[in-house]
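Asker: Quick one: this structure, given as structure tokens, is what I'll be asking you about.
Just so it is clear, none of the values below were taken in a lab; they were calculated from the coordinates. All values derive from a computational prediction rather than experimental measurement. Note: ideal-geometry Cβ built from the backbone for every residue, glycine included; neighbour counts use all protein chains shown.
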Amino acid sequence: MQFQLSDEQEMIRKMVRDFSEKEVAPTAAERDEEERFDRGIFDQMAELGLTGIPWPEEYGGIGADYLSYVIAVEELSRVCASTGVTLSAHISLCSWPIYTFGTEEQKQQFLRPLAEGAKLGAYALSEPGSGSDAAGMKTTAVKDGDDYVLNGSKVWITNGGEADLYIVFALTDPEKKHKGCTAFILEKGMDGFTMGKKEKKLGIRSSPTLEIIMDNVRVPKENRLGEEGEGFKIAMQTLDGGRNGIAAQAVGIAQGALDAAAGYAKERKQFGKPIGQMQGIAFKLADMAVKVEASRLLTYQAAWCESAGVPYGMASAMSKLFAGDSAMEVTVEAVQVFGGYGYTKDYPVERYMRDAKITQIYEGTNEIQRVVISKMLLQE
Ligand code: CAA
Ligand code: FAD
């Protein structure tokens with residue numbers, strides 16, 4: 001076993017940490033308050049090669065591995081979880097299925113601009129009536145000559161409105177339920193493809209979450225991803241890796257909260273000494289550190305599995321479940337370490353606590369991770 005990062009992975013961590021602290025952190029609180037997405041930050045990530053970290057150079061990427069990618073999401077999320085999920089949805093949810101299931105033409109036409117950061121990606125599976133029960137979708141795609149005509153709506157779409165490309169799942173054969181589901185690449189600006197309500201959220205407020213509406217959107221067959229009927233498997237396999245991106249986001253949030261709490265515990269004095277010298281606070285910090293480290297190890301292990309070609313669906317569901325729950329616990333404790341000051345916007349820990357909550361909900365709630373893990377356990 002190898003617990004040391006390679007020189008390249010260390011270099012990527014340092015680069016993303018420097019970038020995050022210099023360019024992302026200074027506006028994180030303000031963007032959160034204003035619910036403002038900043039495309040300029042995405043453009044800067046593109047200049048650093050982050051928007052195409054795991055893809056080969058022939059598709060516009062920088063040819064690094066999945067561990068480097070999760071390290072990047074972790075470091076961004078350590079200062080701004082919204083920026084972390086922007087990258088995670090872009091790479092894991094939009095670019096990955098094109099890289100894995102796309103034709104050579106689709107990779108050149110769609111993956112390359114995503115990897116280069118000229119385009120931003122999104123993934124649209126959830127609907128008003130089908131969240132956890134993803135197979136219960138209602139959106140349809142009817143074949144018409146060389147096109148498909150899509151009708152329906154998808155909700156909660158991360159990067160919605162800002163994204164240029166959307167992986168959309170629709171039923172080409174509703175009678176067959178999930179076996180009649182097909183994946184499509186929709187492009188912003190297609191006739192009949194519009195944006196609906198923007199959600200006002202508890203956390204990750206500078207990550208836009210929108211409804212997308214398809215009203216007779218004509219999609220050429222060249223934009224169909226995979227074969228008819230393969231859509232549900234594409235959706236599920238995409239989430240297998242995507243969930244580890246969310247685990248990385250959770251690790252970053254928890255690390256940011258721990259760093260802030262440890263720093264404060266050394267400075268803040270009560271009863272004539274720093275609060276960190278009181279065992280009640282010191283033990284809290286120790287427990288928080290253990291949770292962060294255990295989450296990180298599960299997350300890095302799942303990423304390693306993906307790069308090594310070892311099955312990673314279960315590892316990824318485990319990392320997302322553990323890191324999400326841990327991030328929630330760690331951030332609640334961070335607010336506690338700050339006392340009353342932690343409850344105000346003068347310090348970042350209340351934002352970390354609000355942001356942590358989503359890691360237990362999206363890309364499959366943590367109850368659904370337990371469904372996935374237990375199903376696999378019982379199959380074996
Ligand atoms: N890989 C490949 N195939 C898979 C699979 C996987 N990981 N998981 C299931 N399948 C296949 C099964 O083999 C089965 O195929 P057959 O019918 O051909 O045998 C088919 O899919 C149906 O499987 P199940 O009966 O297990 O499916 P189900 O309807 O019971 O649902 C579920 C399973 C795991 C609960 C699934 O619905 C699920 O993952 N739900 C959560 C949805 C979700 O995570 N949404 C996230 C949206 S994206 C997001 O939130 C974005 C963001 O954070 C930024
Ligand atoms: P429901 O499925 O209605 O679940 C409600 C409750 O019931 C939950 O606690 C759930 O765990 C529980 N439950 C449901 N089924 C079971 C079960 N079988 N066993 C035990 N408990 C169960 N979706 C996308 O497609 N693309 C995106 O980019 C995207 N981004 C998102 C961003 C944000 C900010 C949010 C909030 C959501 C996003 N989602 C996205 C949707 C997200 O994946 C869903 O919200 C999530 O899968 C849960 O679905 P739901 O909200 O409909 O809850």
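Asker: Given the stretch 148-279, what whole percent of its Cα pairs are spread farther than 25 Å?
Answerer: 46
Asker: May I pose another question? So for each of 234-245, 85-96 I average, over its residues, the number of other beta carbons within 10 Å; can you give me the resulting order with the highest mean first?
Answerer: Put in order of decreasing packing, that is 85-96, 234-245.
Asker: So what's the chain giving for Rg/Rh, alpha carbon basis, Kirkwood Rh from the mean inverse pair distance?
Answerer: Using only Cα positions, Rg/Rh for the chain is 0.99.
Asker: Under the definition of Cα pairs under 8 Å and six or more residues apart, what whole-number percent is the relative contact order of the chain?
Answerer: Computed value for the chain: 16 percent relative contact order.
Asker: Separate question: What is the magnitude of the charge dipole of the stretch 7-120 about its Cα centre, with +1 placed on the Cβ of each Lys and Arg, -1 on the Cβ of each Asp and Glu, and no other charges, expressed in debye to the nearest 20?
Answerer: 180
Asker: Measure nothing but the geometry: give the 0 to 90° angle between the long axis through the Cα atoms of 366-379 and the longest principal axis through the Cα atoms of the chain, rounded to 10°.
Answerer: Long axis of 366-379 versus the principal axis of the chain: about 70 degrees.
Asker: Here is a follow-up. Kindly write out, for the stretch 139-153 in residue order, the coupling ³J(HN,Hα) from the Karplus curve 6.51 cos²θ - 1.76 cosθ + 1.60 (θ = phi - 60°), rounded to whole Hz, with x marking Gly and Pro.
Answerer: Going residue by residue, I get 4, 10, 9, 9, 5, 9, x, 8, 10, 10, 10, 9, 9, x, 9 Hz, with x marking Gly and Pro.
Asker: Follow-up. In units of 2.2 N^0.38 Å, what is the alpha-carbon radius of gyration of the stretch 263-344?
Answerer: Its radius of gyration relative to the 2.2 N^0.38 Å reference: 1.42.
Asker: Measure nothing fancy, just the Cα-based angle from helix 313-337's long axis to the longest principal axis of the chain, in degrees from 0 to 90, nearest 10.
Answerer: On a 0 to 90 degree scale, this one is about 40.
Asker: In a GNM of the chain with a 10 Å cut-off on Cα contacts, which of Y69, Y166, Y343 has the highest mean-square fluctuation?
Answerer: Y343
Asker: Please report how many Lys pairs in the stretch 122-231 have alpha carbons closer than 18 angstrom, counting only residues at least 8 apart along the chain or sitting on separate chains.
Answerer: Lysine pair count for the stretch 122-231: 17.
Asker: Once you have a ≥ b ≥ c as the square roots of the Cα gyration tensor eigenvalues for the stretch 190-255, tell me rounded if a/c is under 1.5, and otherwise prolate or oblate according to whether a/b is larger than b/c.
Answerer: oblate
Asker: In angstroms, what radius of gyration and Dmax does the stretch 232-378 have, counting Cα atoms only?
Answerer: For the stretch 232-378, the Cα radius of gyration and maximum Cα-Cα distance read 17.0, 61 Å.
Asker: Continuing with the same structure: How do 250-263, 121-134, 203-216, 284-297 rank on mean C-beta neighbours within 10 Å, highest first?
Answerer: Top of the packing list down: 250-263, 203-216, 121-134, 284-297.
Asker: Something else: Rounded, prolate or oblate, given the Cα gyration tensor of the stretch 92-159, with a/c below 1.5 counting as rounded? If you can, show how the numbers build up before the last one.
Answerer: Working: a/c = 2.29, a/b = 1.37, b/c = 1.67.
Oblate, since a/c reaches 1.5 and b/c is not below a/b.
Asker: Another question, then. Would you mind computing, in nm to one decimal, how far apart the modelled labels at Q108 and E21 are, each placed 7 Å from Cα along Cα→Cβ?
Answerer: Rounded to a tenth, the inter-label distance reads 4.3 nm.
Asker: By how many nm would the segment from M278 to K375 lengthen if fully extended, with 0.36 nm per residue of separation less the alpha-carbon distance? Spell out each step's value before the answer.
Answerer: Numbers: separation 97, 0.36 × 97 = 34.92 nm, distance 4.44 nm.
That pair, M278 and K375, stretches by 30.5 nm at full extension.
Asker: Two decimals is fine: what's Rg over Rh for the stretch 7-120, C-alpha atoms, Kirkwood radius as Rh?
Answerer: Rounded to two decimals, Rg over Rh is 0.98.
Asker: Follow-up. Set Lys and Arg Cβ to +1 and Asp and Glu Cβ to -1, take the dipole of the stretch 232-378 about its Cα centre, and tell me which of Q369, A261, Y312 lies farthest positive.
Answerer: Checked the options; the winner is A261.
Asker: Ordered by residue, what ³J(HN,Hα) values in Hz, to whole numbers, does the stretch 79-88 give under the Karplus form 6.51 cos²θ - 1.76 cosθ + 1.60, where θ = phi - 60° and Gly and Pro are x?
Answerer: Ordered by residue, 3J(HN,Hα) equals 10, 7, 5, 5, 5, x, 6, 4, 5, 5 Hz.
Asker: Please state the relative contact order of the stretch 1-105 as a whole percent: Cα pairs under 8 Å, 6+ residues apart?
Answerer: Numbers: 82 pairs, mean separation 27.5, N = 105.
For the stretch 1-105, the relative contact order is 26 percent.
Asker: Between A286 and E187, 0.36 nm times their residue separation minus their Cα-Cα distance comes to what?
Answerer: Extra length from A286 to E187 when fully extended: 30.9 nm.
Asker: Just to confirm the number: angle between the C-alpha axis of helix 25-34 and the first principal axis of the chain, 0 to 90 degrees, nearest 10?
Answerer: Taking Cα atoms only, the helix is inclined about 70 degrees.
Asker: Mind giving me the nanometre distance, one decimal, between the label points for F3 and E367, set 7 Å out from Cα along Cα→Cβ?
Answerer: 3.7
Asker: Per residue of the stretch 123-135, what does 6.51 cos²θ - 1.76 cosθ + 1.60 with θ = phi - 60° give for ³J(HN,Hα)? Whole Hz please, x for Gly and Pro, Karplus curve as stated.
Answerer: 9, 10, 10, 5, 10, x, x, 9, x, 4, 8, 4, 5
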